[in-house]
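Novice: Okay, handing you the structure first.
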């Protein structure tokens with residue numbers, strides 16, 4: 001594993017995002033939001049102040065990997081979804097603002113870009129050659145810790161989520177912790 005880690009770690013990045021979130025309609029009052037035809041709707045509505053629910057800023061962490069030396073990075077859609085700010089930190093501690101180039105929510109993939117060049121890239125394999133029982137590694141930034149590595153095996157191929165047939169997922173037992181996108 002050490003060779004794979006040494007070769008690919010320089011292309012694994014930390015991604016931090018900010019997004020503005022609107023609190024639920026009753027965040028301040030604690031009063032339930034009832035349908036207009038509910039018998040107690042008018043009663044509870046009298047206690048509301050009539051203002052818009054408050055908004056607040058929230059932070060998120062994730063990982064990604066550089067797929068093109070000119071700054072294209074693959075990450076998860078949920079990491080950058082609705083982000084108002086995306087910052088990519090390279091292993092050498094340089095930081096860049098990033099923009100979403102494209103995203104596919106159903107497969108949970110997003111392509112982001114930073115304005116730089118000459119970056120290291122990961123070696124991308126072919127899932128069509130992958131076999132059940134092969135070893136796999138996850139390199140990322142779980143819990144905000146840079147370059148954590150976990151190992152596991154491919155448990156199954158061609159898995160689909162219940163009621164879905166969009167993407168045939170690769171099932172693995174490698175530990176994927178929050179932020180290890």
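The values are calculated or read from the model by the stated rules, or taken from the named source; none is laboratory data. None of the values given here were measured: they were computed from a predicted structure. With ideal geometry, Cβ positions are generated from the backbone for all residues, glycine too; neighbour counts draw on all protein chains shown.
Novice: For residue 119, all conditions in the list (1) within 24 Å of residue 158 (Cα to Cα); (2) at pLDDT 95 or above hold save one; what is the number of the exception?
Specialist: Going through (1) within 24 Å of residue 158 (Cα to Cα); (2) at pLDDT 95 or above one by one, residue 119 breaks only (1).
Novice: Against the condition at pLDDT 70 or above, outside any strand (DSSP E or B) and farther than 30 Å from residue 8 by Cα, how does residue 57 come out, does it pass? Before you say what the answer is, go through the steps one by one.
Specialist: Values: at pLDDT 70 or above: yes; outside any strand (DSSP E or B): no; farther than 30 Å from residue 8 by Cα: yes.
Judged against the criteria, residue 57 is not a match.
Novice: Can you give me the ranges of the strands (runs of 3 or more DSSP E) entirely in segment 91-153 with at least 1 residues that are surrounded by fewer than 12 Cβ atoms within 10 Å (Cβ to Cβ) and free of Cβ contacts under 8 Å to residues at least 12 places away in the same chain?
Specialist: On the way: elements: 95-104, 109-114, 135-140.
Where strands (runs of 3 or more DSSP E) fall fully within segment 91-153 and carry at least 1 residues being surrounded by fewer than 12 Cβ atoms within 10 Å (Cβ to Cβ) and free of Cβ contacts under 8 Å to residues at least 12 places away in the same chain, they are 95-104.
Novice: Given (1) modelled with pLDDT under 90; (2) assigned to a strand (DSSP E or B); (3) touching a helix residue (DSSP H, G or I) at 6+ places or on another chain (Cβ under 9 Å), where does residue 14 come up short, assuming only one miss?
Specialist: (1)
Novice: Given the structure, is residue 44 modelled with pLDDT under 90, more than 18 Å from residue 142 (Cα to Cα) and either touching a helix residue (DSSP H, G or I) at 6+ places or on another chain (Cβ under 7 Å) or assigned to a helix (DSSP H, G or I) (or both)?
Specialist: Values: modelled with pLDDT under 90: yes; more than 18 Å from residue 142 (Cα to Cα): yes; either touching a helix residue (DSSP H, G or I) at 6+ places or on another chain (Cβ under 7 Å) or assigned to a helix (DSSP H, G or I) (or both): yes.
Criteria met by residue 44.
Novice: Let me ask something else. When the residues of segment 161-181 are narrowed to those that are in contact with a strand residue (DSSP E or B) (Cβ under 7 Å, 6 or more places away or on another chain) and assigned to a loop (DSSP other than H, G, I, E, B), which ends up modelled with the lowest pLDDT? I'd like the intermediate steps shown before the answer.
Specialist: To start, the set of residues in segment 161-181 that are in contact with a strand residue (DSSP E or B) (Cβ under 7 Å, 6 or more places away or on another chain) comprises 168-176, 179-181.
If we keep only those that are assigned to a loop (DSSP other than H, G, I, E, B) as well, we get 168, 173-176, 179-181.
Values: 168: 75, 173: 92, 174: 90, 175: 86, 176: 81, 179: 75, 180: 75, 181: 66.
Step by step, filter segment 161-181, then rank; the result is 181.
Novice: Within segment 77-89, count every residue that is assigned to a loop (DSSP other than H, G, I, E, B) and surrounded by 19 or more Cβ atoms within 10 Å (Cβ to Cβ). Can you show your working first?
Specialist: Step one: list which residues in segment 77-89 are assigned to a loop (DSSP other than H, G, I, E, B), which gives 81-84.
Checking which are surrounded by 19 or more Cβ atoms within 10 Å (Cβ to Cβ) leaves us with 83.
Counting residues in segment 77-89 that are assigned to a loop (DSSP other than H, G, I, E, B) and surrounded by 19 or more Cβ atoms within 10 Å (Cβ to Cβ) gives 1.
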